[in-house]
């Protein structure tokens, strides 16, 4: 897709109301919104609930289920398993709940306990066999999914010096990334001999809290965002050079001057568009420049939506289906669905 | 002065009125009595939609600075116009861990988590509501 010649903008499709407190996070169910399968979105909130939204035949999203009376505090983050069968939810109540989705019903089938206090993030690996969680206790936990909805903790990773805001698996290999209030991103891999997990790299280019990281579709590029008001692009040097080993990640590009309050969320669409959501209520979109590849990739602003929400934008997520749909979550208590459209003329 | 500027000034004074009687967590006095807050503590930038509150902890190593900050945010949260962005900081040079206190007070996730913590919640409520005594 060529984004060089045309103007694009985010057009608001729908504003989803129902949460009674700030919405922290949204997650599209995998393989929905494509081939006639209706798009399904989960959102979680300070109101201690999770809402499931499904697109109907005329394209309108409706709340299909409210997952409540399980978490006793804020639900900070939610993540679908790759098959879409399970939804994991991380809560300030120190637990991570696993919900099994059967038809329109969601049943809480497991509760993962171990963190000392607030759990802030949860992420499934690409095969759905491993789950990672992180929290205020500065630790990252790796859990193995076993038959019968059992989850075994296989490792507790210490290394960050402050609370761990987010964990995210690389989409093409079982490498785990964590970002923290200590201003760093850490890269974790499993040692094939000892089966122990350890940190192989600490990325310390940011000057304040790193709130979120995301990967491009092939997993050889990463984007991060921070309270230092920058979006940073990183590349997997080894894979870029055709070596499939754990070579270091390298910082190649910093995007600054686009947001003037904390940037909370970044996400990379399958076709290469980076979305960022921030406390300045705006959403920005960036694409890679096609020229000037000598010193590594460079990126440019494709579009900026000022006042995307009435308050902070906490989460932005691209749907992977037929249309360029983006979901955003905000302190204003709403979720918005956007479509990226080409401006005519 | 333009009408807008006057309104803004009134707004700032109104905010001070709301917070001046908050009790210090460690003293039987209000924040204003302890000079933690004054009328210069609140600045409003209407154009950018920003409110900055700076307070002066009673001592350089005040362990309650973050609690005072939580109290200010909690007390004022229903009085801010919703589109205003609020930063709460200790006055420059007034605290030994200035940078870390400021970072903590403006991390909304940590603030949200703190307000869900029963012990902290109770401490904040005591500061906010004992002022009626």
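Determine the equivalent ellipsoid of the stretch A:2-74 by diagonalising the alpha-carbon gyration tensor, then write out the semi-axes as square roots of 5 times the eigenvalues, largest first, rounded to whole Å. Walk me through the intermediate numbers first.
Working: eigenvalues 147, 51, 26 Å².
Sorted largest first and rounded, they come to 27, 16, 11 Å.
Taking 35 Å as R0, compute the FRET efficiency from the Cβ-Cβ separation of residue A:217 and residue B:100 and round it to 0.05.
Working: r = 38 Å, r/R0 = 1.10.
E between residue A:217 and residue B:100, to the nearest 0.05, is 0.35.
Report the label-to-label distance for residue A:196 and residue A:260 in nanometres (one decimal), using points 7 Å from each Cα along the Cα→Cβ vector.
So the label points at residue A:196 and residue A:260 sit 5.0 nm apart.
With 15 Å as the cut-off, how large is the P(r) tail for the stretch A:263-345, expressed as percent of Cα-Cα pairs?
On the way: 1955 of 3403 pairs.
Looking at the stretch A:263-345, the distances longer than 15 Å represent 57 percent of pairs.
Peptide A:162-171: average number of partner chain Cβ atoms within 10 Å per residue?
1
Taking Cα centroids, how far is the stretch A:195-219 from the stretch A:106-153 in Å?
So the two Cα centres are separated by 19 Å.
To the nearest 0.05, what FRET efficiency results for residue A:104 and residue A:69 with a Förster distance of 22 Å applied to their C-beta separation? Numbers along the way, then the final one.
Working: r = 18 Å, r/R0 = 0.80.
Efficiency computed from Cβ-Cβ geometry: 0.80.
Report, in deg cm²/dmol and to the nearest 500, the calculated mean residue ellipticity at 222 nm for chain A, where each DSSP H run with n ≥ 4 adds -39500 (n - 2.57) and the sum is divided by the residue count. Intermediate results must be reported in sequence, preceding the final value.
Working: 1 runs with 4 residues, N = 345.
Computed mean residue ellipticity for chain A: 0 deg cm²/dmol.
What FRET efficiency comes out for residue B:21 versus residue A:31 if R0 is 35 angstrom and r is the Cβ-Cβ distance? Round to the nearest 0.05. Don't jump to the answer; show the numbers that get you there.
Numbers: r = 57 Å, r/R0 = 1.62.
After rounding, the FRET efficiency stands at 0.05.
Please compute, for peptide B:100-111, the average count of beta-carbon atoms on other protein chains lying within 10 Å of each residue's beta-carbon. Don't skip to the end; give the middle numbers.
Values: counts 1, 0, 0, 6, 2, 0, 4, 8, 7, 14, 6, 0.
If you average over the peptide's residues, the count of other-chain Cβ atoms is 4.
Show log10 I(q)/I(0) for chain A at q = 0.07, 0.08, 0.09, 0.14 Å⁻¹, two decimals, from a solvent-free Debye sum over equal Cα scatterers.
Cα-only, vacuum Debye calculation for chain A: -0.26, -0.34, -0.44, -1.14.
What is the spin-label model distance, in nm, from residue A:342 to residue A:310 if the labels are put 7 Å beyond Cα along the C-beta direction?
Here the answer is 3.6 nm between the modelled labels.
Under the definition of partner shielding as Cβ atoms of other protein chains within 10 Å of a residue Cβ, what is the mean value for peptide A:280-288? Can you show the working numbers first?
Working: counts 3, 3, 0, 0, 0, 0, 0, 0, 0.
Going residue by residue through A:280-288 and averaging, the value is 1.
What whole number of Å gives the distance from the Cα centroid of the stretch A:7-27 to the Cα centroid of the stretch B:60-133?
Using only Cα atoms, the two centres lie 29 Å from each other.
Given 4 °C and 1.567 mPa s, compute D for the stretch A:188-301 with the Stokes-Einstein relation, Rh being the Kirkwood radius over Cα pairs; round to the nearest whole µm²/s. Don't skip to the answer; put the middle values down first.
Working: Rh = 15.0 Å.
My calculation gives 86 µm²/s for D.
How big is the antiparallel share of DSSP beta bridges in the stretch B:34-112, given as a percent to the nearest 5? Let's see the in-between values first.
Values: 4 of 10 bridges.
In the stretch B:34-112, DSSP labels about 40 percent of beta bridges as antiparallel.
Could you work out the Rg to Rh ratio of the stretch A:125-179, with Rh taken as the Kirkwood radius (inverse of the mean 1/r over all Cα pairs)?
0.98
Label-point separation (nm) for residue B:79 and residue A:271, each offset 7 Å from Cα along Cα-to-Cβ?
5.1 nm
Sorting A:274, A:200, A:142 on the 10 Å Cβ count, fewest up front, what's the list? All intermediate terms of the calculation are to be shown ahead of the outcome.
On the way: A:274 25, A:200 15, A:142 22.
With the sparsest Cβ surroundings first, the list reads A:200, A:142, A:274.
Quote the Stokes-Einstein diffusion coefficient, in whole µm² s⁻¹, for the stretch A:87-197, based on the Kirkwood radius over alpha carbon pairs, a temperature of 25 °C and a viscosity of 0.890 mPa s. Could you put the intermediate results ahead of the total?
Values: Rh = 14.2 Å.
Rounded to a whole number, D works out at 173 µm²/s.
Taking the Kirkwood radius as the inverse of the mean 1/r across Cα pairs, report the Rg/Rh of the stretch A:48-152.
Working: Rg = 13.8 Å, Rh = 14.1 Å.
Rounded to two decimals, Rg over Rh is 0.98.
What's the exposure ranking of B:48, B:128, going from fewest to most Cβ atoms within 10 Å?
Working: B:48 11, B:128 18.
Lowest count first: B:48, B:128.
Taking the Cβ of each residue in B:110, B:20, A:342 as the centre, tally the other Cβ atoms inside 10 Å and list the residues starting with the fewest.
By the 10 Å Cβ count, ascending, the order reads A:342, B:20, B:110.
Here, each number is a calculation from the coordinates, and none is a lab measurement. These numbers come from a predicted model, not from an experiment. Quick reminder, even Gly has a Cβ in these numbers, built from the backbone with ideal geometry, and neighbours come from all protein chains shown.
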